[in-house]
1. Just to be sure I follow the definition: excluding the sites themselves, where is the longest run in the chain that has none of the GluC sites (Glu not before Pro) in a DSSP loop with at most 14 other Cβ atoms within 10 Å?
2. Using DSSP to call loops (not H, G, I, E or B), can you name the chymotrypsin sites (Phe, Trp or Tyr not before Pro) in the range 53-111 whose Cβ has at most 13 other Cβ atoms within 10 angstrom?
3. Just the number please: accessible area per residue for the range 106-202, 1.4 Å probe, all protein chains included, in Å².
4. In Å³ and rounded to a whole number, note down the convex hull volume per residue for the Cα atoms of the range 16-76.
5. Once you have the Cα-Cα distance between Ser173 and Glu78, take 0.36 nm times their residue separation minus that, and quote the gain in nm to one decimal.
6. What spacing in nm lies between the two simple spin-label points modelled at Asp3 and Lys90, each 7 Å away from Cα in the Cβ direction?
7. Any idea how far apart Leu10 and Asn154 come out in nm if each label point goes 7 Å out from Cα toward Cβ?
8. Tell me, what is the FRET efficiency for Asp37 and Thr135 to the nearest 0.05, using R0 = 30 angstrom and their Cβ-Cβ distance as r?
Amino acid sequence: MGDILTRFVLPPRCVSLSPSGIHLAAGGDDDMIKMIDIQNKKVFKSIKCGGYVSGLDYDPDSIFLASTCADGTFTVYEISSGNAMLSKRKGCTKVDPGSPSRVVPSWHPDGGSLVAVPCHDGSIALYERLSWDVTDELSGGHESPVQLVKFSKNGLYLATTANDNTVAVWDMSDKMMIQKKVLPACACGMIWHPTENKIVFG
């Protein structure tokens with residue numbers, strides 16, 4: 001059995017590893033996000049949030065942390081202060097708190113110029129770093145609420161999944177969908193290959 005880094009009173013739902021591999025962010029049904037020093041196995045910061053955190057993602061510079069909650073709230077936190085740079089109700093797909101479904105945002109790997117957020121209307125909102133404005137929207141790929149989004153390691157593509165079991169791949173140069181498939185079941189996780197344009201789904 002591995003080391004226990006922290007505990008929650010209610011079930012934890014999601015974790016995100018910092019790009020350096022030194023820190024881990026964890027959230028769940030409690031009303032806080034815990035920032036953990038992995039080597040020392042200590043929580044160095046707790047960020048108060050609305051509870052029922054369904055997804056977390058560090059930006060590539062480890063300055064900001066994007067969070068999605070089951071009630072449909074999308075928030076970007078500044079990690080050093082714990083302050084919310086952006087908090088938008090109805091900013092992401094809403095899920096039943098008791099459901100195993102996850103809604104996870106994704107930062108672009110080019111220094112986090114954009115953060116992609118899954119939306120309830122089947123679209124994906126692209127927020128610009130620092131201004132926190134929606135600069136673009138990907139639509140037409142899904143007909144049901146989007147759940148998972150993930151940029152490829154080279155930043156050229158974005159993979160998205162929805163609760164109708166569909167998965168789409170978007171070319172980020174022209175913001176167009178280039179491929180769409182139906183999975184055997186709803187995806188609860190996905191990851192890109194570190195060097196190739198291949199995706200693994202769970």
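1. In short, 1-142.
2. For chymotrypsin sites (Phe, Trp or Tyr not before Pro) across the range 53-111 that sit outside H, G, I, E and B with at most 13 neighbouring Cβ atoms in 10 Å, the list is empty.
3. Accessible surface, normalised per residue, equals 48 Å².
4. Each residue corresponds to 67 Å³ of Cα convex hull volume.
5. Once the chain is fully extended between Ser173 and Glu78, it gains 31.4 nm.
6. 4.5 nm
7. For Leu10 paired with Asn154, the spin-label model returns 4.3 nm.
8. It comes out at approximately 0.30.
The values are calculated or read from the model by the stated rules, or taken from the named source; none is laboratory data. Keep in mind that this is a model prediction, so the values were computed, not measured. A quick note on method: Cβ atoms are made from the backbone with ideal geometry, for glycine too, and the neighbour counts reach across all protein chains shown. Just so you know, the surface numbers come from the protein's heavy atoms only, side chains and all, with ligands and any DNA or RNA stripped out. Shrake-Rupley method; radii C 1.70, N 1.55, O 1.52, S 1.80 Å.
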